[in-house]
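Please read the structure below before turning to the comments.
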Amino acid sequence: MTLQKDVEVLRNIPLFKKIEPAKLKLLAFTSEHLEFVAGEALFKQGDVGDAAYILLEGDADVMVDTPKGEMRVATLGQNDIVGEIAILCDVPRTATIIAKTRLVTLRVSKDGFFNLVTQFPTVGVEVMHELASRLHQTTQQLGDATARLRQLENGAG
């Protein structure tokens, strides 16, 4: 993929819509293209978070470890970003990401991501919006799961 195509792809991602093309070009230039085959892990839960990944092509499953084994909690697709929690919070990876199909990504290093957020506060706001949206969705799912568990415990299954 050419640098100009990378910039066009980045412009279609809500997180980067408000950034001028010259800055997107710098982000694309300092990022790395990586491809994964179906079944291959981008990273595993517990790994050190050293980069975020923007999905350019393909789909990936978000898997979390549970006492009964891995469980898929989400599927990501084109223009989604993953891995930002570990680099923003300086915590180990919170999930394993597995390529569901052939996957093309743009790997943004921790330093590159922080430089972007520092230079463009609007990106920081968009990241907060995305994380808040994910937290809201997770909270709703947890509430639904808790209600279902209570039904099962009360024999109303």
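Taken together, the values in this text are just the output of simple stated rules run on the coordinates, not laboratory data. Since the structure is predicted, the reported quantities are computational estimates derived from the model, not experimental observations. Note: ideal-geometry Cβ built from the backbone for every residue, glycine included; neighbour counts use all protein chains shown.
Once both labels are modelled 7 Å past Cα along the beta-carbon direction, what's the Gln119-Asp90 spacing in nm?
Modelled inter-label distance: 2.3 nm.
Among Ala95, Leu55, Gly124, whose Cα lies farthest out toward the positive end of the dipole of the range 44-157, if unit charges sit on the beta carbon of Lys, Arg (+1) and Asp, Glu (-1)?
Ala95
Pop out the Kirkwood hydrodynamic radius of the chain from its pairwise C-alpha distances, inverse of mean 1/r, in Å to one decimal.
This gives a value of 16.7 Å.
What is the Cα centroid distance between the range 110-139 and the range 14-47, reported in whole angstrom?
Centre-to-centre distance over Cα atoms comes out at 14 Å.
Computed over the Cα atoms, what is the radius of gyration of the range 101-157 divided by 2.2 N^0.38 Å, N being its residue count?
The range 101-157 yields a ratio of 1.85.
In which sequence would Ser133, Ser109, Ser31 go, from the one with the fewest C-beta neighbours within 10 Å to the one with the most?
Arranged by neighbour count, lowest to highest, Ser133, Ser109, Ser31 become Ser133, Ser109, Ser31.
Per 0.36 nm of contour for each residue apart, how much would the distance between Thr66 and Gln141 grow if the chain were fully extended, relative to their Cα-Cα spacing?
Full extension from Thr66 to Gln141 adds 25.4 nm.
For the range 32-132, which GluC sites (Glu not before Pro) pass both filters: DSSP loop (anything but H, G, I, E, B) and at most 16 other C-beta atoms within 10 Å?
Glu40
Could you grab the relative contact order for the range 3-153? Cα pairs under 8 Å, six or more apart, rounded to a whole percent.
Computed over the range 3-153, the figure is 28 percent.
Going by how many other beta carbons lie within 10 Å of each one, how would you line up Met71, Met63, fewest first?
Met71, Met63
Students often get this wrong, so check it: of Lys5/Lys25; Lys17/Lys100; Lys23/Lys100, which have C-alpha atoms separated by over 21 Å?
Distance filter (> 21 Å) returns Lys17/Lys100; Lys23/Lys100.
If eta is 1.002 mPa s and T is 20 °C, what Stokes-Einstein diffusion coefficient results for the range 1-56, Kirkwood Rh from Cα pairs, in µm²/s?
168 µm²/s
Rounding to the nearest 10 and keeping the result within 0 to 90°, find how far the Cα-based axis of helix 21-30 lies from the longest principal axis of the chain.
With rounding to tens, the tilt is 70 degrees.
Ordered by residue, what ³J(HN,Hα) values in Hz, to whole numbers, does the range 112-117 give under the Karplus form 6.51 cos²θ - 1.76 cosθ + 1.60, where θ = phi - 60° and Gly and Pro are x?
x, 5, 5, 4, 4, 5
Using the Karplus equation 6.51 cos²θ - 1.76 cosθ + 1.60 (θ = phi - 60°), what ³J(HN,Hα) coupling, rounded to whole Hz, does each residue of the range 60-70 give in order, writing x for Gly and Pro?
Per residue, the Karplus-derived 3J(HN,Hα) values read 9, 9, 9, 10, 10, 6, 10, x, 9, x, 5 Hz.
Would you mind working out the magnitude of the charge dipole of the range 3-153 relative to its Cα centre, with +1 at each Lys and Arg C-beta and -1 at each Asp and Glu C-beta, to the nearest 20 Debye?
Dipole magnitude for the range 3-153 comes out near 240 debye.
Can you work out D for the range 53-145 in µm² s⁻¹ from Stokes-Einstein, where Rh is the Kirkwood radius over C-alpha pairs, the temperature is 4 °C and the viscosity is 1.567 mPa s?
90 µm²/s
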